[in-house]
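All of the numbers you see were taken from the coordinates with simple rules; none came from a lab. On a predicted model such as this, the values are computed, not experimentally measured, just so you know. All Cβ positions, even for glycine, are placed from backbone atoms using ideal geometry, and neighbour counts span all protein chains on display.
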């Protein structure tokens, strides 16, 4: 009899809610993907490279050299206070940030190692840690601002701590790690061998003038940190499943040891198209414009619900809106999410799915990365 390695894990909540949306015809504000296409120039580049002879075989295992060079150049422009990453030894293109994250965990977490995880947390983190034999050590981020309590973090860090996993801007809350937060983490890890995995897939989605703060920009953390980024989030192309990991050479070597046996290489024409997009945008207009683009969507969605009893929590970054529904129902968040889909025609995610123990604080998550018509139709039903 096969014994499951994850007996308590079922189909992800995102899949469940998307299936429920399809079953009921509900507007899908659950799964975190846009309902609009990538930039036209990027689509044309993909079509062009799909017709180019020689662009249909395996790409080099770490990623196309021209794409890694373009990433390094962009990172240097956007993070001028940090050394530019070496495209040959510090950047690895992966099949989405999800694969990169799994490769990092598989490379560095051994049985019995502990990994600090801030909750609510993306539901991949815990199972991926456990599959390596690691032990997640959870630290709860308190609503409504979801900022770390560093005394609580200190209480869970131990000699067994192998990794601290940070997500900024944070999914689901949109909270942002500040320069002070990175400083506190650096102080906490000083004198230890613990590493940092910084999931920064929403890195360009910072609102209200908030400055960019990557783990790479902190000198004391740079040499112990893996940074994950996502072309899917940046170019509205989540289905392309292309991301990358930036890490110092010694850490990158370990990631690549796993990556080569996990997916080996990522779609060749897709990598060429993304390289074109970066090379043809030397001022990074697309990346720099995402903050205003998504802030407008955030503000639009919030305004549509402004004169209602929905309690909308702050959204400093990302493309999700958390909301309390206590004025409408005493139900659990899972039950209320199902009610919204079946009775009101809007699919959402219950935030208890982001806690390992199912902690229910009466919150649901909307994705506002949608066309105006989609947001207006959803809001009309939510009102």
Measuring from a point 7 Å past the Cα of residue 3 along Cα-to-C-beta, which residues in segment 104-119 have an amide N at less than 18 Å? 111-112
Suppose the Debye formula is applied to equal point scatterers at every Cα of segment 53-279; what is log10 I(q)/I(0) at q = 0.08, 0.11, 0.15 Å⁻¹? -0.27, -0.51, -0.97
The distance between the Cα centres of segment 140-155 and segment 40-117, in whole Å, is 31 Å
Rounded to the nearest 500, what is the 222 nm mean residue ellipticity of the chain from helices alone, with -39500 (n - 2.57) per DSSP H run of 4+ residues and division by all residues? -11500 deg cm²/dmol
Need one number: convex hull volume per residue for the chain, Cα atoms only, in Å³. 150 Å³
Could you work out the Rg to Rh ratio of segment 49-157, with Rh taken as the Kirkwood radius (inverse of the mean 1/r over all Cα pairs)? 1.08
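Quick one: what do you get for segment 187-255 if you divide its Cα Rg by 2.2 N^0.38 Å?
1.25
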Peptides ranked, highest mean first, by Cβ atoms within 10 Å: ranges 141-148, 27-34: 27-34, 141-148
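If neighbour count is taken as other Cβ atoms inside 10 Å, put 364, 246 in order from fewest to most.
Neighbour counts put them in this order, fewest first: 364, 246.
Taking the DSSP beta bridges in segment 123-276 as the whole, what percent of them are antiparallel, to the nearest 5? The partial results should precede the final answer.
Values: 4 of 13 bridges.
Within segment 123-276, antiparallel bridges account for around 30 percent of the total.
Using a 10 Å cut-off around each Cβ, can you sort 270, 89 from fewest to most neighbouring Cβ atoms?
Ordered by Cβ neighbours within 10 Å, fewest first: 89, 270.
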How many percent of Cα pairs in segment 151-201 exceed 15 Å? 48 percent
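Of all beta bridges DSSP finds with both residues in the chain, what is the antiparallel percent, to the nearest 5?
Just about 45 percent of them are antiparallel.
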Projected-area average for segment 82-143 over all orientations - Cα convex hull basis, square nanometres: 5.8 nm²
Taking the chain as a Gaussian network, Cα atoms linked when under 10 Å apart, which of 193, 151, 181 shows the biggest mean-square fluctuation? 151
Whole-angstrom gap from segment 225-276 to segment 326-382, using each part's C-alpha centre: 32 Å
Surface/4 estimate of mean projected area, convex hull on alpha-carbon atoms of segment 204-352, nm²: 12.6 nm²
